Amino acid sequence: MKPNFSLLSRLIVLQCLSVLCCSQDFDFFYFVQQWPGAYCDTKHSCCYPKNGKPAADFSIHGLWPNYKDGSWPSNCDPDSVFDKSQIEEVIGNMEKDWPSLSCPSSNNLRFWSHEWEKHGTCSESELDQREYFETALKLKQKANLLNILHDAGIKADDGFYSLKRIKEAIKKGLGFTPGIECNVDSRHNSQLYQVYVCVDSSGSDFIECPILPKSKCDSQIQFPKF
Ligand code: AMP
Ligand code: AMP
């Protein structure tokens, strides 16, 4: 029997279309919180937002769609620009929980816009812009890292703590193993910089990470004051 080329070619076209149209699909999120003390005491230093020095608490860096193989999509929809009116109702919480610290002039709107355009546009199949930011704020409430670490006797007191102890404390407090990212301060100490926890692709629940990010930490790391 002659193969049915028209059926075959239609199938190939359909396959190509599905790859093109849905290449922004992703497997899970990293919800990334940052310790401001570690962002600020490096060589690049930091600048506070207009409304002053943020509280000594972890702040949100981002909610990043990821693939199970360790890669991630970015800048998925150039037509979807950041729209401040979408977050008007939660602007107070955004300023508190998601402050920008970059220099020369820290600009919250620029930071949020960057996060939406680079990462948020890649989860638009699950969360629109309002939902994206509200989801991150909710996750921050659910994962109170400062309390969890405090309860385990781990404080931002410039002390050194074992990486293992920090991971275990978060695993106990949250139920899931975190990824820990360190950076290096101006005295070359390895310090607690960002904590990654994994979230299912709807943004509702924490999950075990399909893959942990690279940690770049020494076995003893500093938890700097802020
Ligand atoms: P790094 O080089 O690890 O400091 O990362 C620089 C930037 O790359 C981050 O601020 C993110 O925007 C992006 N990035 C790194 N790892 C990931 C990831 N797993 N998923 C999404 N974005 C990432
Ligand atoms: P991403 O590319 O999504 O991680 O974001 C990386 C960019 O965000 C880099 O240019 C960083 O310098 C910047 N960045 C990281 N943390 C902060 C922060 N707390 N405030 C403002 N910018 C930040």
Beyond 22 Å, what share of the Cα-Cα pairs of the chain is found? Please give it as a whole percent.
55
Ala152 to Arg110: FRET efficiency via 1/(1 + (r/R0)^6), r the Cβ-Cβ distance, R0 22 Å, to the nearest 0.05?
0.05
Could you order the peptides 171-181, 76-86, 93-103, 149-159 from most to least packed, using the average number of other C-beta atoms within 10 Å per residue?
93-103, 171-181, 149-159, 76-86
Report, to the nearest 10°, how far helix 129-142 tilts away from the longest principal axis of the Cα atoms in the chain, using its own Cα long axis and a range of 0 to 90°.
40
Starting from the Cα of Ala56, step 7 Å along the direction of its Cβ; do the same at Asp27; then give the gap between the two resulting points in nm.
3.9
Rounded to the nearest 10 Å², what accessible area does Arg165 show when all protein chains are kept and the probe is 1.4 Å?
100
Measure nothing fancy, just the Cα-based angle from helix 108-118's long axis to the longest principal axis of the chain, in degrees from 0 to 90, nearest 10.
30
Correct semi-axes for the range 127-200, from √(5λ) of the alpha-carbon gyration tensor and rounded to whole Å with the largest first, are 25, 15, 11
Interchain or sequence-distant (5+) residues whose placed amide H lies within less than 5 Å of the amide H of Ile207 are Cys198, Val199, Asp200
For the range 57-64, just list the computed ³J(HN,Hα) in residue order, Karplus coefficients 6.51, -1.76 and 1.60, θ = phi - 60°, integers in Hz, with x standing in for Gly and Pro.
8, 4, 10, 7, 9, x, 10, 10
All lysines inside 25 Å of Lys138 as judged from Cα atoms, apart from same-chain residues fewer than 8 positions distant:
Lys50, Lys53, Lys68, Lys84, Lys96, Lys118, Lys155, Lys167, Lys171, Lys172
Enumerate the calculated ³J(HN,Hα) couplings along the range 197-202 in order (Karplus 6.51 cos²θ - 1.76 cosθ + 1.60, θ = phi - 60°), each rounded to whole Hz, writing x wherever the residue is Gly or Pro.
10, 9, 9, 5, 5, 8
Hey, with R₀ at 25 Å, roughly what FRET efficiency would Gln141 and Arg165 work out to, going by the Cβ-Cβ distance, to 0.05?
0.50
Distance between Cα centroids, the range 60-87 to the range 161-186: provide it in whole Å.
25
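Where does the chain land at 222 nm, in deg cm²/dmol rounded to the nearest 500, when only DSSP H runs of n ≥ 4 count, each adding -39500 (n - 2.57), divided by all residues?
One gets -9500 deg cm²/dmol as the mean residue ellipticity at 222 nm.
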Counting only residues 5 or more places away or on other chains, whose amide H sits under 5 Å from the amide H of Gln220 once H atoms are built in the peptide plane?
Leu163
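The values are calculated or read from the model by the stated rules, or taken from the named source; none is laboratory data. Here the structure is a predicted model, which is why all the values come from computation and not from measurement. Because the Cβ atoms are built from the backbone with ideal geometry, glycine has one as well, and the counts that use them run over all protein chains shown. Accessible surface is based on the protein model in full, side chains and every heavy atom, while ligands, DNA and RNA are left aside. Shrake-Rupley method; radii C 1.70, N 1.55, O 1.52, S 1.80 Å.
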